[in-house]
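Heads up: the structure comes next, in C-alpha cells.
Read-outs: derived from the displayed coordinates by stated rules, not from any lab. Just so it is clear, the model here is predicted, and its values are computed rather than measured. Cβ placement follows ideal geometry from the backbone for every residue including glycine, while neighbour counts extend to all protein chains displayed.
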Ligand SMILES: *[C@@H]1O[C@H](CO)[C@@H](O)[C@H](O)[C@H]1NC(C)=O
Ligand SMILES: *[C@@H]1O[C@H](CO)[C@@H](O)[C@H](O)[C@H]1NC(C)=O
Ligand SMILES: *[C@@H]1O[C@H](CO)[C@@H](O)[C@H](O)[C@H]1NC(C)=O
C-alpha cells in the first residue's frame, strides 16, 4: 500500500481548503501551473489568491511571477516566552508588518493560566497553527512544549520554506513516548527520511526540542541530547543533480492538527493511529490541546557566497528555488489590504477618503485567506460590503476554527486541561514511511475537484 505522510503545516488546514475547493472556483497552482495575474499568489495549499496568500507560505515558484509573493522577512534572534496572545495576530489580521507582531495564527490559540499557550483543536475543527512572521535561513531553533494525545491527533514543530523545504519534529497522539523527525526538499516524496527517537510521555513532560540547521548539517536535540544528525553531503540526488537538503528560508511552525480525518489519505490516517475520536477522554475540556511555553531562535549569518545586498528580507531570484537563488535584500513589503499582492502591494483606492473608497471599488471574489475559504471567511465576501478590511471579529467560523469568542476555560483546579493520563490504547503509531507534502496536498485538493 502506498502510504502518504502528510506534513503538519500543510495538512493542518487542508480539509478546510479541500472542502471549499469543491464549491468555489479557486484556481489551483503547482508544478507546471502558475497562478493567473488577477490572483497571483500560490498558497502552500496549492490555490491562488491575494492578501494572505501572498504572505507566509506563498510559493514563488508557482505564483504568477517571482515578485508575487511578499519578500520573506529576515531572521531575527529572539527568545519568545509565550505567556499570552499579545504577540500573535490571527491570519486575517496580518498584512506583513513584522514590527507589529512576531507570530501569525490560524485556528484557536488560548492563554494558559499557568504559563504558555495552548494550541487547541475542538471537535470538527482543523486545529491550530502558529507560524513566525520572520523567516530563518539557518539557525538554531528550540521549542519547549508538550504534545497532545489520542488517535489521529498530531502535534508538530517544524521549519518550512515557501518552496517546501522542511525540517520536522512530529508527535503522533497514539505514541507519546517517541518524537519523530523528518526532512523534505522542495516537497518531494521520500520514504526514507523519517526517524523516531525515545522520549518519556511527551504529553506530561515538557521537553525542549531543538533543530540546529546549518548549511552543511542538521542536528536534532531533545533537551541537550543529540538524537539525530544529517549531513548535507548524504543527500545528493543524482537524478535532479542537487542536494535534497533543506536550504531555503523557512518559518517556524507549531501546530496541532487532525491527521485522522476521513478526508485525509489512508497512509496519513494510519500513521496517525486511526480516525480521530471527537469524544475521547483526552478532550475533557472540549478540545485536544498541546502546550507551547517558549521558542528561541538564534540566527546564523547568511552562508558564505550568498548574494547579500541588504539586511531586511530574503527573495528568490530564480525558479530553481535552491540555496544559490536566494538573495538577502532591503526589500520590505507590507500589503495595503487583503486585495493586494507583492506585485501590487498598495491599493491606491485605499488612499481615498474613507467612505468613498470601498464604494468605488469593484466587486471581487478572489480568495484572500488561504486554508479557510468557504468556511465563512471574509475572502468570499465582496469587497464592496461595509468595512471590507475588518479584521475578522465578525468571522466566527473561518479562521477561528470554532469561534474566538468561546469562553476560555479557566483554571479551577489541577484537573483543568486534563487530557487523561493513560497510555493510549492501540498498538502504537505506524512507523512513518514518508510521503510528499505536496503530493498529499495536491492529491486531496485535486481529488475533491474531480468529485
Ligand atoms: C531525486 O529527485 C527526483 C526529482 O525530484 C525525485 O523524483 C526522486 O524521488 C529523488 N530521489 C530520491 C531518492 O529522493
Ligand atoms: C549552496 O549549496 C551548495 C551545495 O549544493 C554549496 O556549495 C554553496 O556554497 C551553497 N551556496 C550558498 C549561497 O549557500
Ligand atoms: C543577486 O540578487 C539580486 C536581487 O537583490 C538579483 O537581481 C541578482 O540577479 C542576484 N545575483 C545573482 C548572481 O544571482
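Worth pointing out:
- For 61, 119, 256, 335, the sequence from fewest to most other C-beta atoms within 10 Å is 61, 335, 119, 256.
- Relative contact order [Cα under 8 Å, 6+ residues apart], the stretch 94-138, whole percent: 41 percent
- Cα gyration tensor, the stretch 47-128 - rounded (a/c under 1.5), prolate or oblate: oblate
- Relative counts (whole %) of C-alpha pair distances in the stretch 105-230, using bins that are 5 Å wide: 2, 10, 19, 23, 22, 16, 6, 1, 0
- Kirkwood's formula applied to the C-alpha pairs of the stretch 273-312 gives a hydrodynamic radius of 15.4 angstrom.
- Dividing the mean sequence gap of close Cα pairs (under 8 Å, 6+ apart) by how many residues the stretch 149-292 holds gives a relative contact order of 29 percent.
- Peptides 199-209, 227-237, 284-294 ranked from most to least packed, by the mean per-residue count of other Cβ atoms within 10 Å: 284-294, 199-209, 227-237.
- Distance (nanometres) between label positions extended 7 Å along Cα→Cβ at residue 79 and residue 114: 2.3 nm
- Calculated FRET value between residue 208 and residue 324, using beta carbons and R₀ = 35 Å, to 0.05: 0.60
- Extending 7 Å from Cα along the Cβ direction at residue 317 and again at residue 200 yields two label points whose distance is 5.2 nm.
- Footprinting exposure proxy for 243, 171 (fewest neighbouring C-beta atoms within 10 Å first): 243, 171
- The length gained by stretching the chain between residue 226 and residue 306 to full extension, at 0.36 nm per residue less their Cα-Cα distance, is 25.9 nm.
- The relative contact order of the stretch 160-204 comes to 37 percent, based on Cα pairs under 8 Å that sit 6 or more residues apart.
- Counting other Cβ atoms within 10 Å as a rough exposure proxy, the listed residues 126, 334 run 334, 126 from fewest neighbours to most.
- Taking label positions 7 Å along the Cα-Cβ direction at both residue 334 and residue 99, the computed distance is 0.5 nm, reported to one decimal.
- Over the stretch 105-173, the pair-distance histogram of Cα-Cα distances with 10 Å bins from zero comes to 16, 49, 31, 4 percent, rounded to whole numbers.
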